[in-house]
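A short worksheet on the structure shown next.
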Amino acid sequence: MTPIQECIRNKKVGSKPIWFMRQAGRYLPEFRKIRKLNKNFIKLCLDVNLSSKITLQPLKRFDLDAAIIFSDILMVPYGLGQEVIFKKNFGPELNSLNLETISEIKDSEFSKKLLPVYKSIKKVSKSKLVNDKDLIGFVGAPWTLLVYMINKCSPKRNLNKKFFKDKILIKETFEILDKFLKIHIKNQIKNGATIIQIFDSWAGLLENKYIEDYIYDRTLKLVNFIKSYKVPVICFPREIKNYEKYCKIIKPDVINIDYKTNPEKIIKKTDIVVQGGLDPKFLLTDKEKLKIEAKRYLDIFKDHPYIFNLGHGVLPKTNPQMLDYLIKFVKGYY
C-alpha cells in the first residue's frame, strides 16, 4: 500500500506523505523549456508524450509520494465544445456557452476529445517512477466549472449579481456537468488514476443561500460516484466559509484546506484526513522561515492523519531547491 493510501485507508499518523498541487509545471526549468515551444496550453495537455513527460518531471527531481496528471479542470468545457484559450497574464478565456450545442454532445464524442488525457494517465501509470506512489487524477467541482463556463473567465474576487439570474441556464448546465464529469472521472480511474481530487477553486465566492444547492448537492453526487469505484476522493473547496459543515455533508476521504484556514480549528472539528494548508508564499522566503511554518503544520497534525501539501498550487517563482528542502524536512521530521 502506498504512503498516501496508508494515511487515507488506515488513518496512519506516524509519518506524513507529501505531494504538491501544481508540482508539475511552471516553476521547473525543464517544464519551461517545453512550454516555450508549445504556446497552446490545451494542445500541450492533449499531447500524450509531453503531458506524461511533464507529469513525471517532479518525480525525477524529488522524493514525492504521488504524481498528479498534467492537465486542467477546463478540459471538461473543452470536451463539451466550448473553446478555451489561455492568455498570458490573464488566464483562461472561454467563448460563449451554447446550451443547445453542449446538450447534443454524445458520451463517445466527449471521451474521444479527451482520449489523450486518458492515454497520458495510462502511460504514467506504467512508469517505474510511480511504482510505489499514487497517480492523482482530478476534476473541477461542478460549481467552479459553472463559473468558468458562464462567466467566460476567472471571476477573481466576485461575481456580477446578473450571474444568478438565469436559473434555467444554471440548472441545465449543472445537469450536463454532472453527466460528463462522471464520464471524465470514470475514464481517469479506468486508465490508472488511484485517487481523484475535486478542485472547487471558487467555493469561497458563494453566499450561504446558494451553497447547499450549488456546492453540497452537486459535489456530493461526484464524491459518492468516485467512492463507488473504491477510489479515495480528496476535496478542495478553497476558502469555503464552513469546512466543518462541508465535511459532515459531503464526507470526502480527505479534505484539502487553503492557507487562510486555521489548522488548529480544523483538527478540533473533523476526524477526516486533512491535506495541505501551507501558504505557498513561504517557498519564496528563506529556509528558516519555511522550516518554522512547515514544522507548525507537522506539530499540529502530529496525531492526526495528514498529507503534507500546500493551501494552493506551487507558485511560478518558486526555486526548486526550496521545494527539495521542504520535502526532505518533512520526510525526516518523524
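Just so it is clear, none of the values below were taken in a lab; they were calculated from the coordinates. In this text the structure is predicted, and so the values were computed from the model without any measurement. Every residue, glycine as well, gets a Cβ built from its backbone with ideal geometry; the counts of neighbours run over all protein chains shown.
Counting neighbouring Cβ atoms within 10 Å and putting the fewest first, the residues Lys245, Lys265, Lys165 line up as Lys165, Lys265, Lys245. Which whole DSSP H helices in the chain pass both tests: a Cα extent of 27 Å or more along the axis and a mean Kyte-Doolittle value no lower than 1.6? Span-like helices here: none at all.
Put simply, the amide H of Gly140, placed in the peptide plane, has neighbours under 5 Å in Phe199, leaving out anything fewer than 5 places away on its chain. For the chain, the residue among Phe86, Cys45, Pro29 whose Cα projects farthest onto the positive side of the dipole built from Cβ charges is Pro29. Partners of Lys245 within straight-line reach, counting aspartates and glutamates whose Cα lies under 15 Å from its Cα and excluding those fewer than 8 residues away in the same chain: Glu207, Glu212, Asp213, Asp217, Asp253, Asp271. Listed cross-link partners Lys165/Lys230; Lys190/Lys221; Lys161/Lys241; Lys119/Lys241 are compared with a 31 Å cut-off, the Cα-Cα value being larger for Lys165/Lys230; Lys119/Lys241. Sorted ascending by nearby beta carbons within 10 Å, beginning with the fewest, His304, His184, His312 become His304, His312, His184.
The residue among Cys235, Ile249, Leu74 whose Cα reaches farthest toward the positive pole of the charge dipole of segment 3-331, with charges on the beta-carbon of Lys, Arg, Asp and Glu, is Leu74.
For the listed residue pairs Lys53/Lys186; Lys88/Lys156; Lys289/Lys328; Lys251/Lys295, the alpha carbons are over 18 angstrom apart in Lys53/Lys186; Lys251/Lys295.
Once you sort the root eigenvalues of the Cα gyration tensor of segment 209-266 as a ≥ b ≥ c, which label holds: rounded (a/c under 1.5), prolate (a/b larger than b/c) or oblate (the other case)? Judged from the Cα gyration tensor, segment 209-266 comes out oblate (a/c at least 1.5, b/c at or above a/b). When Phe199, Phe62 are arranged by Cβ crowding within 10 Å, least crowded first, meaning fewest neighbours, the order is Phe62, Phe199.
Backbone amide hydrogens, once placed in the peptide plane, bring Asp258 within less than 5 Å of Glu239, excluding anything fewer than 5 places away on its chain.
When the listed pairs Lys302/Lys331; Lys12/Lys60; Lys268/Lys302 are checked against a 20 Å cut-off, the alpha-carbon distance exceeds it for Lys12/Lys60.
Protection proxy ranking for 280-286, 254-260, using the average of other Cβ atoms within 10 Å per residue and placing the highest first: 254-260, 280-286.
What does the C-alpha gyration tensor say about the overall shape of segment 105-158? Classify as rounded when a/c is under 1.5, otherwise prolate if a/b is larger than b/c, or oblate.
Oblate, because a/c is 1.5 or more while a/b does not exceed b/c.
Placing +1 on the Cβ of every Lys and Arg and -1 on the Cβ of every Asp and Glu, with no other charges, gives the chain a dipole of roughly 720 debye about its Cα centre.
Charge dipole of segment 99-245 (Cα centre as origin; +1 on each Lys and Arg Cβ, -1 on each Asp and Glu Cβ, all else neutral): 480 debye, rounded to the nearest 20.
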